[in-house]
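The values are calculated or read from the model by the stated rules, or taken from the named source; none is laboratory data. Predicted model only: the values in this text are computed from it and were never measured. Because the Cβ atoms are built from the backbone with ideal geometry, glycine has one as well, and the counts that use them run over all protein chains shown. Remember, those area values only see protein heavy atoms, side chains included, never the ligands or the DNA or RNA. Shrake-Rupley method; radii C 1.70, N 1.55, O 1.52, S 1.80 Å.
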Amino acid sequence: MLPWIRAPRTPRARRTLAALLLAVAAIATPTATATATAATPAAAAASRGWNDYSCKPSAAHPRPVVLVHGTFGNSIDNWLVLAPYLVSRGYCVFSLDYGQLPGVPLFHGLGPIDRSAGQLDAFVDKVLGATGAPKADLVGHSQGGMMPNYYLKFLGGAAEVNALVGIAPDNHGTTLLGLTALLPYFPGAGDLLTEHTPGLADQVAGSAFMTRLNAGPDTVPGVRYTVIATRYDEVVTPYRTQYLDGPNVRNVLLQDLCPLDLSEHVAIGTVDRIAFHEVENALDPAHATPTTCASVIG
């Protein structure tokens, strides 16, 4: 994402935290309109070329790609640009919804992350069964780039996954630019997050979930890892905590590829074609081409 289309950043930490808590409170007390139904995600995605279970991987791209949305995301909205981008390049692409809360439509990734990893496990099994491929590649944004690590480490995912590409993943938790340090100044805020949105509480640096996830090595043998980060990330902070350490890891800073790119946390995973070019390189490293500012028109 180039500077003239940069998304705005939140100016004050306290105001951001207050807005977050208001959003959580709204989720905790859903209204009757929350039960409204829409077209199924599978139908909506298939109409755009992905979640097509008749798709068979080609010799050029022998593995299906599973897209894992971020917190407050869903299987469609997070991928309106990247999914068609990959489909047009010959990949079989699939996306799932996970971490749903009762009575909360559209905004997912809010349930306990260990349970969300189980949902990913089942979805990958479904995709592999439909496509006949022995392994899949995973591409995730934010929580969706971190949560698969639980699947790989604790649920046997390493046997089913060739590569994990994390776009702005909170692999070691986040301080939300120090916002989590302010929680003690808002009585009951921590309990509100834990009770109503455990998926948020799990992502706080130092949480019980993060402690377990990062107790051992960052990676597991047999899986290739790519992390794509932006120095302007205002959600997963400090941004360097996104990086993984291991023998099969490539950590990429977006601004090293294009210094003009000012994408922040949301833009890098939803609209940034420079980042998406690097995603494609990670999926097919044998045919990788240089990622530059010009990749936005590729």
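What to note about this one:
- Amide N of segment 83-103 lying under 14 Å from the label point, which is placed 7 angstrom from the Cα of ALA60 along Cα→Cβ: 86-92
- Calculated FRET efficiency, ALA208 to THR175, Cβ-Cβ distance, R0 = 22 Å: about 0.85 to the nearest 0.05.
- Net length available on complete extension from ASP77 to GLU195 is 39.9 nm, with 0.36 nm assigned per residue and the Cα-Cα distance removed.
- Between CYS293 and ARG89, the distance separating the two model label sites (each 7 Å from Cα on the Cα→Cβ line) works out to 2.2 nm.
- Stokes-Einstein translational diffusion, segment 91-249 - Kirkwood Rh over all Cα pairs, 1.567 mPa s, 4 °C, in µm²/s: 80 µm²/s
- Averaged over residues, the count of other Cβ atoms within 10 Å places the peptides 207-218, 145-156 in the sequence 145-156, 207-218, highest first.
- Judged by the mean number of other Cβ atoms found within 10 Å, the most tightly packed of the peptides 65-78, 251-264 leads the ranking 65-78, 251-264.
- Partners for LYS153 among aspartates and glutamates (Cα-Cα distance below 13 Å; same-chain residues under 8 apart left out): ASP114, ASP121, ASP218
- Accessible surface, segment 161-252, averaged per residue in Å² (probe 1.4 Å): 43 Å²
- Surrounding net charge for GLN255, when Lys and Arg each add one and Asp and Glu each subtract one, Cβ distance under 10 Å: -1
- Radius of gyration (Cα atoms) of segment 214-298, expressed as a multiple of 2.2 N^0.38 Å: 1.11.
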